[in-house]
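Before any comments, here is the structure.
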Amino acid sequence: MNRRRFLRIAGSAGVIIAAGGAAFLATRTPKDALVPWEQAGSLYPDPMRRALSYAILAPNPHNRQPWVIDLKGDTEAVLTCDLDRLLPVTDPFSRQIVIGLGCFLELFSIAAAAQGYRAHISYFPDGEPDNRLDRKPIARLSLQPQKGLAGDPLFAQALKRHTNRNPYDTKRPIDDDIVRRLQSGAAKNIQIGAVNGGALLQDLRALTRDAMWAEIRTAEAYQESIDLMRIGRSEIEANPDGIALGGAFLETLKLAGVLSRESLADPSSRSYQIGLDMIEEGAMTAMGFVWIKTSGNNRTAQIVAGRAYLRVALQATADGLAMQPMSQALQEYAAMQPYYETIHARLTKRPGERVQMLARLGYAEAVGPAPRWPLMTRIGVKES
Ligand SMILES: Cc1cc2nc3c(=O)[nH]c(=O)nc-3n(C[C@H](O)[C@H](O)[C@H](O)COP(=O)(O)O)c2cc1C
């Protein structure tokens, strides 16, 4: 098992992605699952679907892609959440799911502007859901053509942004200027914090590692991720969402019976141990962290946090930085409570302040895009 050559990361879930064996790997690329990245902006004549074809490329937890779009013509639509795509164990209040929908809305807005349309987005037009999401709209969207509308420079990064779970280069520090640029999207209800050295960086490395280890050791939580793993090309093509474990090496391990959902869940297995090691490697090579805070934690705050996260991720991409959310310590289930309390004690000042996103930063080998369901499969009113 040549781990150095092949295995990289651990994400929220444990073991992920491999590289190597170029020729074989090429045949194992889940091409159909990546088609939405090629089709963005080109398949549809109308501005609404063109902008939506970018929005579906937004980052979102466990790549659940919980968006359902009810089209109301060429310039109007309603966004709802697919309640079959929640993460009930690790995201019990669907806070992260809503953040992902916020990322979707920001990318929609940036892509609309690139076509000369201003996006008007009203959040929760029929009221905010409380602890449980419901089928009421997340947002109403409309587009208005606007002459001379300045496009957003971050649009240039829309197809280049990818969550990077590789180890980061510990010999390459991050410039203060870059860190400051990431924080420039702070607004009245959004604080963006960042660190690129010192004791806080060390503490966040250890904290994110420990929280992720604790998640893996909490069988019910880890199982939620394992159930969403797509191991090998055929599984990824059949379900282009969840956690894609693709590439020649992992396919070989799968064929050899070393890598399976059962082995991943078994603490005595090799793949489980590798998962723990890879988590450590990822967390301890973080060269910086960025976090997004809101003063409260209602649904609108979560949407706004998602919009801010998307902009931070695009700015990081523009500056050549790799980035990966490390969300475990922010999660609201019992095993995370000590980590949740520690991180809020370290990163917040006022009561009620909430850390919505925390991501590691650094320089790393580039990664490719993650699978997506095509836009047309996300359009339509989902029946209960
Ligand atoms: C709210 C939220 C939480 C996330 N948490 C994690 C995480 O803890 N670990 C991780 O590796 N990725 C995390 N991600 C990244 C998603 O897994 C990723 O966006 C998704 O798999 C799609 O891949 P892409 O970002 O490369 O397009 C998170 C994303 C969002 C929006």
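The values are calculated or read from the model by the stated rules, or taken from the named source; none is laboratory data. As the structure is a computational prediction, the values presented were derived from the model and not from experiment. Here Cβ is always computed from backbone atoms with ideal geometry, including for glycine, and neighbour counts include all displayed protein chains.
Among the residues of segment 283-292, is there at least one that is in a helix (DSSP H, G or I), surrounded by 23 or more Cβ atoms within 10 Å (Cβ to Cβ) and in contact (Cβ under 8 Å) with a residue 60 or more places away in the chain? Yes: segment 283-292 contains one or more residues that are in a helix (DSSP H, G or I), surrounded by 23 or more Cβ atoms within 10 Å (Cβ to Cβ) and in contact (Cβ under 8 Å) with a residue 60 or more places away in the chain. Candidates R354, R350: the one that is more than 9 Å from the ligand (Cβ to nearest atom) and crowded, with 17+ Cβ neighbours inside 10 Å is R354. Among the residues making up segment 178-191, those that are out of contact with any Lys or Arg (no Cβ under 8 Å at 6 or more places or on another chain) and under 17 Å from E353 (Cα atoms) are A186, A187, K188, N189. Note on segment 102-115: residues that are more than 9 Å from the ligand (Cβ to nearest atom) and either over 14 Å from the mean Cα position of the chain (by Cα) or closer than 13 Å to T300 by Cα (or both) total 9. Taking first residues from segment 355-376 that are among the aromatic types (F, W, Y) and partners that are within 12 Å of the ligand (Cβ to nearest atom), the Cβ contacts under 7 Å between residues at least 6 apart in sequence or on separate chains come to Y363/A322; W373/Q65; W373/P240; W373/D241. Does A156 meet the test of being surrounded by 12 or more Cβ atoms within 10 Å (Cβ to Cβ), at pLDDT 95 or above and out of contact with any Asp or Glu (no Cβ under 7 Å at 6 or more places or on another chain)? In short, yes. Pairs are defined by a Cβ separation below 8 Å, a sequence spacing of at least 6 or placement on different chains, a first member in segment 304-327 that is more than 15 Å from A186 (Cα to Cα), and a second member that is more than 11 Å from the ligand (Cβ to nearest atom) and among the aromatic types (F, W, Y); the pairs so defined are G320/Y363; L321/Y363; A322/Y168; A322/Y363; M326/F289.
Pairs linking a residue in segment 265-278 that is within 15 Å of D210 (Cα to Cα) to a residue that is modelled with pLDDT under 90 and surrounded by fewer than 20 Cβ atoms within 10 Å (Cβ to Cβ), with Cβ atoms under 9 Å and 6 or more positions apart or on different chains, are D277/R3; M278/R3.
Among the candidates S42, S122, the residue that is surrounded by fewer than 20 Cβ atoms within 10 Å (Cβ to Cβ) and part of a strand (DSSP E or B) is uniquely S122. Note on segment 80-92: among residues that are closer than 15 Å to I138 by Cα and assigned to a loop (DSSP other than H, G, I, E, B), the one that is farthest from the ligand (Cβ to nearest atom) is D82. Scanning segment 251-264 for residues that are without any contact (Cβ under 8 Å) to a residue 24 or more places away in the chain and small (G, A, S) yields A256, G257, S263. Across segment 25-34, the qualifying residues are those that are assigned to a helix (DSSP H, G or I) and within 22 Å of R165 (Cα to Cα), and the one among them that is modelled with the lowest pLDDT is L25. Quick one: is G198 modelled with pLDDT of 95 or more and more than 20 Å from the chain's Cα centre (by Cα)? Here the answer is yes, as G198 does meet what is asked. Go through Q315, Q337 for me and flag whichever is away from the ligand (no atom under 13 Å from the Cβ), outside any loop (DSSP other than H, G, I, E, B) and surrounded by fewer than 16 Cβ atoms within 10 Å (Cβ to Cβ). Testing whether each residue is away from the ligand (no atom under 13 Å from the Cβ), outside any loop (DSSP other than H, G, I, E, B) and surrounded by fewer than 16 Cβ atoms within 10 Å (Cβ to Cβ) leaves just Q337.
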